[in-house]
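Sharing a structure, written as structure tokens. Questions coming.
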Amino acid sequence: MKNQKLFCLIFVVAFVLMSRAVWAEDAAPPNDDFVMPVIVDKKAPTSYIQKMLIRLDEFEKNLRQNQKYLIVEDQLADLKKKYEDFQDWAHIKIHGSLENQSAIKMYQPNSVTKLRNQIYLTGSGEFSPTFKYFVSGRFNYDSVFAVSDHYNAGVESDQKAELELRDTYIDYSTGPWDIRLGKQQVVWGEAVGLFYADVVNAKDLREFILPDFEFIRIPEWGASVEFTQGDFNSQLIVLPGVEFDKTGVPGTEFTYPLPLPNNVTPFTVTDPKEPKYGFDNSKIGTRVSYLINGLDVGAFFLNSWTSSPVMYRTINAGVYNFNPDYERQNIFGVTFSKEINDYVCKGEAVYYPDARFSVNDPTDFDGIKESGYVDYLLGVDHIFFNKWDVNVQYTQRWIMDFENTFMNEEEFSNGFSFRLSRNWFSRKLTTEFLAIAELRAPGFLYRPKVSYALTDNLKMAVGADVFSGNSSGLFGYFRNQSRWYTELTYKF
Amino acid sequence: MKKNSMMFIVMFGLACVFVSPVLAQLTPDEIVEKVDEIRNPSYDNKSDVSVVSYKPNRPDHATRYAVWIKGKDKTIVKTTEPENERGQALLMRENDFWGFFPEVSKPIRISLQQRLNGDVANGDIARTNFSGDYSAKLLRTEKISGKDFYVLELLSNKDSTTYGKVILWVMTENFWPVKAEFYAISGRYLKSCSYEDYKTIAGRLRPSKLVLKDAVVKGQYSVITYNDMVQAEIPEKNFTKEYLNKLSD
């Protein structure tokens, strides 16, 4: 009951924000005698300004038809002018979405694992044609904690309600230069459905890689400077507001395994100390790309922190004590894409020269060994029969100084991904299927999804995330987390 | 008054004498260039385009786009409505294409084939030029409803064109395109287009409505309406994949 009230409250707040009437009324208008004939209805406008003008016209007609409230033409014209001035003064476009995400476990005990309601709002505008801004944020409330005891108190504290500032920045453009200052996502790479060259932003992995990538990446505070000349583009980034991967507290659906040997149960884990915001701790990177005869090639370098902590450990009297810590690391990468006879070929390779691996060797003093490794991906896209959009990708990891003690690793480990999608009924219905396979410890993730646009604003989706395979790989490890899910999204 | 009238008649006569041979000597490719000048201004521009697709026994599908065009071979088509698709964008740079999808927040390389997918090819929306991409041949002249028309055959001379062949009906008196038939590279008849509602757009009379009828499915057609078109200085760098996440509506 309490939960229902809270949900109603959230819905009302969202609705009010969505209609933007609050914003329109509360913001200081250019003149004190400004009167806004706001009529709040449940049809959220696709274009607020257009709808408001239509309402203004309706208002005008009503006034003309009703002698009691008849006012003169000049006054109406004056009212419209003031409203136009107000739009110019505000310089903002507001959009967003209301979304419900629900999930239920596929296997016994079929618990409901998610009843999340999300409000996402964006505001954008221009101070001038070369000076723009963008603000965004979201609020999540998960009702599952009210209807189920599936999670412990720690998870409830971590995931029940969350208010987050998302991408928020200003863009300045002059000549060949583009500067973005603020909280931002920096997206590199060509891959579909996988993170390889997409190395800059930390990731929110509390739901593994299942949410939209836009929301998996955690925006970070900093600056990006781009220089574009013809087919050449270069980018320099400095992100002092470093963030680190979120993996959730013990008891969440997707708790990641510790690097423990089989049959070792006593262990302790200390909390890693995240480096603080500051220029000394910045992520610094650069990327260049060039388009030549249809071949789009890029190369990048990033000096950063490990996005997840290195699991240093000691063993005292058979008890494994983990002292996770973050380390600086260098990342080098190359990317390419090229269309050849309606087939889009793409690839990326990322080299970590000084990566750290957990080892299954009790005599090793800290449980960590260094080795360089390369992750690379080759993919191809094609549309079959003018309807079926297909993407196939092959991946491989090569650990250069591999030793047999490396935990859950092989010198070469391969993987594949396959994505098939098609639109039906004038793009109202979309069917998708994504399969990702890792071959080292054979494991699979299957993701069928059907989405249907009920209206221009409202879309619903039904799908499944099915994990299977050997438990020494992540897909197999999460096999009990397989789930059915629904999404209902209202965009405005 | 009489003197002025006489002068006007003489000047008009001279103009006819000098101009008609010039027009008579226009090559088919030059006619197509004149058609292109009407279909699309030669300068950089931004337009607001609505597309409504009609299919038998299916709901209508309405979309709206912001379109930026620079030169003959650089175009961005960004979806502004419906809300479910808002923010999606397509960058066309001659033979190279990228799509931008808000849910992944990054540009994705796509093929020419993907560019053509959908009820209305993006080349239709962008009014990509015929001249340069197609070689024209004058098939015949026709008189329809008392008006004279050039009937031109345009054959694609580039891999990146939207269609393999176009048959184009052009009014001889003003080079207005009135009708076109589009064929795939295989020769299959794909769709017809009628250029309607000539209005002053970007300083010149241009067709503000294109009705594209599917050649195979009877009753399936799309209407492209150009609501607005303005001349705009658009920097070259805007037509790069890196700029796709910086586009405003």
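The values are calculated or read from the model by the stated rules, or taken from the named source; none is laboratory data. A quick note: this is a predicted structure, and the numbers were derived from the prediction, not measured. No Cβ is skipped: glycine too gets one built from the backbone with ideal geometry, and neighbour counts run over all protein chains shown.
Looking at the stretch A:168-183, can you tell me whether even one residue there is without any contact (Cβ under 8 Å) to a residue 40 or more places away in the chain, closer than 26 Å to residue B:242 by Cα and either in contact with a Cys (Cβ under 6 Å, 6 or more places away or on another chain) or within 11 Å of another protein chain (Cβ to nearest Cβ) (or both)?
Among the residues of the stretch A:168-183, at least one is without any contact (Cβ under 8 Å) to a residue 40 or more places away in the chain, closer than 26 Å to residue B:242 by Cα and either in contact with a Cys (Cβ under 6 Å, 6 or more places away or on another chain) or within 11 Å of another protein chain (Cβ to nearest Cβ) (or both), which makes the answer yes.
Identify, please: which residue in the stretch B:237-249 is within 7 Å of chain A (Cβ to nearest Cβ) and among the charged types (D, E, K, R) and is, among those, nearest to residue B:52 (Cα to Cα)?
Restricting to residues being within 7 Å of chain A (Cβ to nearest Cβ) and among the charged types (D, E, K, R), the top hit is B:249.
Within the stretch A:134-167, can you find the residues that are in a loop (DSSP other than H, G, I, E, B), under 21 Å from the mean Cα position of the chain (by Cα) and free of Cβ contacts under 8 Å to residues at least 40 places away in the same chain?
A:160
Of (1) at pLDDT below 90; (2) crowded, with 18+ Cβ neighbours inside 10 Å, residue A:443 satisfies all except one. Which?
(1)
Going through the stretch A:168-189 one residue at a time, which ones are buried (at least 19 other Cβ atoms within 10 Å of the Cβ), touching a Leu at 6+ places or on another chain (Cβ under 9 Å) and part of a strand (DSSP E or B)?
Of everything in the stretch A:168-189, those that are buried (at least 19 other Cβ atoms within 10 Å of the Cβ), touching a Leu at 6+ places or on another chain (Cβ under 9 Å) and part of a strand (DSSP E or B) turn out to be A:169, A:171, A:183, A:184.
Failed condition for residue B:25, given (1) out of contact with any strand residue (DSSP E or B) (no Cβ under 6 Å at 6 or more places or on another chain); (2) more than 11 Å from chain A (Cβ to nearest Cβ); (3) in contact (Cβ under 8 Å) with a residue 60 or more places away in the chain, with all others met?
It is condition (3) that residue B:25 fails.
Another question about this same structure. Confirm whether residue A:112 is in contact (Cβ under 8 Å) with a residue 60 or more places away in the chain and aliphatic (A, V, I, L, M). Full working, then the answer.
Numbers: in contact (Cβ under 8 Å) with a residue 60 or more places away in the chain: no; aliphatic (A, V, I, L, M): yes.
In short, no.
Then there's this: Here's a check for you: in the stretch A:235-280, which residue that is surrounded by fewer than 17 Cβ atoms within 10 Å (Cβ to Cβ) and under 30 Å from residue A:295 (Cα atoms) is nearest to the chain's Cα centre (by Cα)?
Only one residue tops the list, namely A:238.
Listed here are the residues, each with its yes/no results for (1) more than 13 Å from chain B (Cβ to nearest Cβ); (2) in contact with a Phe, Trp or Tyr (Cβ under 6 Å, 6 or more places away or on another chain); (3) without any contact (Cβ under 8 Å) to a residue 24 or more places away in the chain; (4) not basic (Lys, Arg).
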{"position": "A:204", "(1), (2), (3), (4)": "yes, no, no, yes"}
{"position": "A:208", "(1), (2), (3), (4)": "yes, yes, no, yes"}
{"position": "A:211", "(1), (2), (3), (4)": "no, no, yes, yes"}
{"position": "A:218", "(1), (2), (3), (4)": "no, no, no, yes"}
{"position": "A:225", "(1), (2), (3), (4)": "no, no, no, yes"}
{"position": "A:235", "(1), (2), (3), (4)": "no, no, no, yes"}
{"position": "A:238", "(1), (2), (3), (4)": "yes, no, no, yes"}
{"position": "A:245", "(1), (2), (3), (4)": "yes, no, no, yes"}
{"position": "A:248", "(1), (2), (3), (4)": "yes, no, no, yes"}
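Does residue A:268 satisfy being under 24 Å from residue A:353 (Cα atoms), hydroxyl-bearing (Ser, Thr, Tyr) and without any contact (Cβ under 8 Å) to a residue 60 or more places away in the chain?
It is false that residue A:268 is under 24 Å from residue A:353 (Cα atoms), hydroxyl-bearing (Ser, Thr, Tyr) and without any contact (Cβ under 8 Å) to a residue 60 or more places away in the chain.
Can you find a residue that is of a type outside the set (A, V, I, L, M, F, W, C), crowded, with 19+ Cβ neighbours inside 10 Å and closer than 30 Å to residue B:239 by Cα anywhere in the stretch B:135-146?
No: zero hits.
Here is a follow-up. Hey, does the stretch A:473-485 have a residue that's buried (at least 17 other Cβ atoms within 10 Å of the Cβ), in contact (Cβ under 8 Å) with a residue 24 or more places away in the chain, over 25 Å from residue A:111 (Cα atoms) and not assigned by TED's automatic domain parsing to the domain that holds residue A:256?
No - not one qualifying residue is present in the stretch A:473-485.
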